[in-house]
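Reviewing the structure listed below.
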Amino acid sequence: MSVLVYIEADNNAVKKSSLEALTYAAKMSAGDVTALVTDKAEGLEDLGKYGVKTVLQVSDDKLSTRPVSAIASAIAAAAQKVGANAVVMSRSSTVDAAAPRVGVKLKATVASNVVALPQTDNGFVVRRGVYTGKAFADTKLEGEIKILTIAKNAIGVEETGSGAATVEAFSPEYGAKDFAVKVTDVKKQEGDILLPEADLVVSAGRGLKGPENWDMIENLAKTLGAATACSKPVSDMDWRPHHEHVGQTGIKVAPSLYIAVGISGAIQHLAGVNSSKTIVVINKDEEAPFFKSADYGVVGDAFDVVPKLQAALEKAGI
Amino acid sequence: MNILVCICHVPDTTTKIKFNGTELDKNGVQFIIGPYDDYALARAVELKDASGGKLTVLNVGEADTEPTIRKALAIGADNAVRINAHPKDAYFVAEQIAAYAKDKNFDMILMGREASDYNGGQVHGMVAEMLDMPCVAPCMTLEVNGNVAKMGREIEGGKEYVECEMPFVAGCQEPIAEWKIPNMRGIMMARKKPLEVIEPTTESAPTEVVNYELPAERGNVKMIDADNLDELVRLLKEEAKVL
Ligand SMILES: Cc1cc2nc3c(=O)[nH]c(=O)nc-3n(C[C@H](O)[C@H](O)[C@H](O)COP(=O)(O)OP(=O)(O)OC[C@H]3O[C@@H](n4cnc5c(N)ncnc54)[C@H](O)[C@@H]3O)c2cc1C
């Protein structure tokens with residue numbers, strides 16, 4: 001099976017989530033993996049370690065802002081070039097927007113938010129997260145070509161190959177309207193660990209009383225090398241920026257460790273975080289519903305517990 | 001302005017999900033307009049109120065979705081269309097929407113960034129590709145100036161500002177507008193507004209759910225004394241192995 005993987009890079013380095021997509025592709029294809037890169041990236045030969053034979057590299061400044069339609073055209077063209085039976089990519093703001101367009105272009109069947117490798121003993125069945133993390137749907141996909149977007153942290157990264165990949169220049173043709181959406185400005189928080197990519201997340205809710213109390217949350221996050229997140233009312237009240245809001249209507253995260261401070265654990269909040277591997281809840285109310293969905297719980301006032309946790313981490317050399 | 005808003009009919013966000021085989025167990029489940037679609041609808045009502053025009057709401061669904069469609073009419077849509085079919089999957093739904101919209105000269109087609117049941121997030125992109133239109137998702141702000149729409153879109157760790165000409169498709173999310181709650185007058189008026197029912201163009205869908213499963217329950221929470229956080233750190237390192 002020939003599989004194309006669309007790779008994203010930030011600051012010249014391939015994103016961890018893209019390495020997950022490669023791991024997935026290598027396992028499902030038994031070795032026939034081509035990667036497509038449209039971002040500036042270094043060391044692409046090293047993708048051989050993840051089972052990639054050939055990297056198709058598009059070097060075109062017009063793609064630097066990842067215009068969705070043009071990226072979709074590039075992915076479809078690359079899939080056609082290599083005769084891909086499947087296109088695998090990790091979920092991101094670009095992939096989520098481009099995948100359905102690629103699906104229509106290639107007359108392919110799209111499955112989004114895939115959390116496990118396909119079962120192929122009776123057709124082609126993938127498991128997807130649905131009902132905002134409250135259920136999984138094993139979904140049978142018809143059609144010659146499958147497009148799969150992989151949920152973050154569902155697969156993990158594994159080196160499955162050896163040797164160096166061959167890097168080839170690739171110039172896809174674009175559609176007449178591929179640049180119809182013009183990016184006029186980008187406002188990004190630089191330097192911080194980005195929440196959707198983070199492996200550790202420290203999150204806080206209305207229990208923190210006000211934005212001035214987030215220093216201790218940021219300190220804890222810094223100590224752990226974690227991203228910060230918050231509940232919906234916190235971003236609604238502008239205590240924290242919108243892109244930190246996790247849950248059903250916010251960002252869905254699946255880190256190794258999610259620490260929730262002063263968050264009640266409403267079902268809509270849980271919906272966005274319950275795929276986390278380990279959940280720690282700190283709440284002064286021992287009846288807080290979040291404790292039912294936690295692995296470790298501490299009953300206590302955040303203003304007392306968080307600094308103590310900070311000290312305990314420092315004592316342990318973290 | 002001629003606006004189409006597509007809405008889905010989904011279980012209320014507080015619903016505990018259960019299944020009967022490959023069907024959702026609808027017993028005791030309250031259905032609502034998809035929360036993200038509700039944001040799209042609210043912004044469409046604002047745009048129509050500001051500059052006039054017509055606002056059509058569309059749902060691909062069987063007769064049981066009509067109360068949800070009436071609610072959208074009560075919030076401010078002028079007329080409604082129901083494409084009479086079980087919404088089998090994203091491609092099927094997109095095909096119905098595109099077939100309906102292709103000769104109606106909509107200036108914009110708005111919907112939620114994803115449905116809160118299947119979370120596919122595919123319909124807006126598919127409709128746009130089928131109609132050869134630009135698409136912006138997830139769209140958090142939307143302003144219209146003449147023939148140009150300016151939108152803010154969520155990206156990793158921030159926001160991207162874009163513009164494009166009409167017509168376009170957008171998959172919306174908060175904080176694009178405040179949700180609107182229907183008032184008594186809106187509810188009375190909604191009863192008289194037209195709700196057209198049309199048949200789907202096809203019955204086939206490329207995907208089929210063969211099994212649902214609920215995630216494993218988390219094991220019993222281990223409580224740790226607030227005065228013994230060294231123990232929490234030890235457990236995170238040695239037991240959970242996440243530090
Ligand atoms: C359609 C819909 C979608 C929604 N989507 C989301 C979503 O995506 N994400 C989301 O988060 N919410 C969402 N919500 C809102 C959700 O229902 C809850 O209202 C919200 O999660 C509550 O946030 P919170 O826990 O921070 O605040 P609260 O419910 O006010 O809880 C605060 C908690 O802090 C504790 N506390 C107070 N003081 C302290 C202290 N000093 N130390 C320790 N603990 C303390 C309290 O015991 C309490 O448990 C949605 C709601 C709806 C209707």
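The values are calculated or read from the model by the stated rules, or taken from the named source; none is laboratory data. Remember, it's a predicted structure, so these values are computed and weren't measured experimentally. All Cβ positions, even for glycine, are placed from backbone atoms using ideal geometry, and neighbour counts span all protein chains on display.
Looking at this structure, is A:ILE150 more than 10 Å from chain B (Cβ to nearest Cβ), away from the ligand (no atom under 16 Å from the Cβ) and under 22 Å from the mean Cα position of the chain (by Cα)? When the stated conditions are applied, A:ILE150 passes them. Suppose the filter is crowded, with 17+ Cβ neighbours inside 10 Å, under 27 Å from the mean Cα position of the chain (by Cα) and within 12 Å of the ligand (Cβ to nearest atom); does A:VAL253 pass it? So A:VAL253 passes the test. Scanning the range A:87-97 for residues that are touching a residue at least 60 places away in the same chain (Cβ under 8 Å) and not hydroxyl-bearing (Ser, Thr, Tyr), we see that the one that is farthest from the other protein chains (Cβ to nearest Cβ) is A:VAL88. Considering the range A:166-213, the residues that are small (Gly, Ala, Ser) and without any contact (Cβ under 8 Å) to a residue 40 or more places away in the chain include one that is nearest to the other protein chains (Cβ to nearest Cβ), namely A:ALA176. When we screen A:VAL253, A:VAL234 for residues that are out of contact with any Lys or Arg (no Cβ under 7 Å at 6 or more places or on another chain) and within 14 Å of chain B (Cβ to nearest Cβ), the only hit is A:VAL253.
Within the range A:188-218, the set of residues being surrounded by fewer than 16 Cβ atoms within 10 Å (Cβ to Cβ), within 16 Å of the ligand (Cβ to nearest atom) and not basic (Lys, Arg) comprises A:GLY210, A:PRO211, A:GLU212, A:ASP215. A:SER276 satisfies every condition listed in (1) at the interface with chain B (Cβ under 10 Å from one of its Cβ atoms); (2) closer than 25 Å to B:MET140 by Cα except (2).
Filtering A:GLY156, A:GLY143, A:GLY163, A:GLY83 for residues that are free of Cβ contacts under 8 Å to residues at least 40 places away in the same chain and on the phi > 0 side of the Ramachandran plot leaves a single hit, A:GLY143.
This table checks each residue for (1) at the interface with chain A (Cβ under 10 Å from one of its Cβ atoms); (2) of a type outside the set (D, E, K, R); (3) crowded, with 17+ Cβ neighbours inside 10 Å.
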position	(1), (2), (3)
B:ASN147	no, yes, no
B:LYS159	yes, no, yes
B:GLU203	no, no, no
B:ARG218	yes, no, no
B:VAL221	yes, yes, yes
B:LEU235	yes, yes, yes
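Taking (1) closer than 20 Å to B:LYS102 by Cα; (2) assigned to a loop (DSSP other than H, G, I, E, B) in turn, B:GLU129 satisfies each apart from (2).
Please tell me if A:SER112 is hydroxyl-bearing (Ser, Thr, Tyr), crowded, with 24+ Cβ neighbours inside 10 Å and touching a strand residue (DSSP E or B) at 6+ places or on another chain (Cβ under 8 Å). Talk me through it step by step, then tell me what you get.
On the way: hydroxyl-bearing (Ser, Thr, Tyr): yes; crowded, with 24+ Cβ neighbours inside 10 Å: yes; touching a strand residue (DSSP E or B) at 6+ places or on another chain (Cβ under 8 Å): yes.
So A:SER112 fits the description; yes.
Taking the criterion of being in a helix (DSSP H, G or I) and β-branched (Val, Ile, Thr), the only residue of the range A:272-287 that qualifies is A:VAL273.
All conditions in (1) surrounded by 18 or more Cβ atoms within 10 Å (Cβ to Cβ); (2) more than 7 Å from chain B (Cβ to nearest Cβ); (3) free of Cβ contacts under 8 Å to residues at least 24 places away in the same chain hold for A:ASP121, with the sole exception of (1). Checked against the criteria, B:VAL136 does not count as farther than 24 Å from A:ARG101 by Cβ and part of a strand (DSSP E or B).
All of (1) without any contact (Cβ under 8 Å) to a residue 60 or more places away in the chain; (2) within 8 Å of another protein chain (Cβ to nearest Cβ); (3) in contact with a Gly (Cβ under 8 Å, 6 or more places away or on another chain) hold for A:GLN248 with one exception: (1).
Suppose the filter is modelled with pLDDT of 95 or more, away from the ligand (no atom under 12 Å from the Cβ), crowded, with 18+ Cβ neighbours inside 10 Å and more than 10 Å from chain B (Cβ to nearest Cβ); does A:LEU224 pass it? Steps first, please.
Values: modelled with pLDDT of 95 or more: yes; away from the ligand (no atom under 12 Å from the Cβ): yes; crowded, with 18+ Cβ neighbours inside 10 Å: yes; more than 10 Å from chain B (Cβ to nearest Cβ): no.
No.
Here the range A:256-283 is the region considered, the condition is being surrounded by fewer than 21 Cβ atoms within 10 Å (Cβ to Cβ) and near the ligand (Cβ under 9 Å from one of its atoms), and the residue that is farthest from the chain's Cα centre (by Cα) is A:SER264.
Quick check, is A:GLU287 of a type in the set (Asp, Glu), without any contact (Cβ under 8 Å) to a residue 12 or more places away in the chain and over 30 Å from B:GLY120 (Cα atoms)?
Values: of a type in the set (Asp, Glu): yes; without any contact (Cβ under 8 Å) to a residue 12 or more places away in the chain: yes; over 30 Å from B:GLY120 (Cα atoms): yes.
Spelling it out, A:GLU287 is indeed of a type in the set (Asp, Glu), without any contact (Cβ under 8 Å) to a residue 12 or more places away in the chain and over 30 Å from B:GLY120 (Cα atoms).
Candidates A:LYS81, A:LYS27, A:LYS49, A:LYS40: the one that is touching a strand residue (DSSP E or B) at 6+ places or on another chain (Cβ under 7 Å) and not aliphatic (A, V, I, L, M) is A:LYS40. Of the strands (runs of 3 or more DSSP E) lying entirely inside the range B:1-91, those containing at least 1 residues that are away from the ligand (no atom under 16 Å from the Cβ) are B:2-6, B:54-60, B:79-83.
What about B:PRO87, is it touching a residue at least 24 places away in the same chain (Cβ under 8 Å) and either surrounded by fewer than 21 Cβ atoms within 10 Å (Cβ to Cβ) or within 12 Å of another protein chain (Cβ to nearest Cβ) (or both)? Spelling it out, it is not the case that B:PRO87 is touching a residue at least 24 places away in the same chain (Cβ under 8 Å) and either surrounded by fewer than 21 Cβ atoms within 10 Å (Cβ to Cβ) or within 12 Å of another protein chain (Cβ to nearest Cβ) (or both).
Considering each of A:LYS81, A:LYS49, A:LYS62, A:LYS105 in turn, give the residue that is touching a helix residue (DSSP H, G or I) at 6+ places or on another chain (Cβ under 8 Å), surrounded by fewer than 22 Cβ atoms within 10 Å (Cβ to Cβ) and farther than 24 Å from A:LYS188 by Cα. First the steps, then the outcome.
Details: A:LYS81 fails: touching a helix residue (DSSP H, G or I) at 6+ places or on another chain (Cβ under 8 Å); A:LYS49 fails: touching a helix residue (DSSP H, G or I) at 6+ places or on another chain (Cβ under 8 Å); A:LYS62 fails: farther than 24 Å from A:LYS188 by Cα.
None of the others qualify; the one that does is A:LYS105.
Only one of B:GLY146, B:GLY53, B:GLY120 is under 21 Å from B:THR207 (Cα atoms) and out of contact with any Cys (no Cβ under 7 Å at 6 or more places or on another chain); which? Explain how you work it out, then say what you get.
Details: B:GLY146 fails: under 21 Å from B:THR207 (Cα atoms); B:GLY53 fails: under 21 Å from B:THR207 (Cα atoms).
Result of the check over B:GLY146, B:GLY53, B:GLY120: B:GLY120.
Just for the range A:127-144: of the residues that are small (Gly, Ala, Ser) and in a strand (DSSP E or B), which one is modelled with the highest pLDDT? By that ranking, first place goes to A:ALA137.
B:ILE109: buried (at least 22 other Cβ atoms within 10 Å of the Cβ), away from chain A (no Cβ under 13 Å) and farther than 30 Å from A:ALA135 by Cα, yes or no? In short, no. Look through the range A:14-46, keep the residues that are at pLDDT 95 or above and touching an Asp or Glu at 6+ places or on another chain (Cβ under 7 Å), and return whichever of them is surrounded by the most Cβ atoms within 10 Å (Cβ to Cβ). It comes out as A:SER18.
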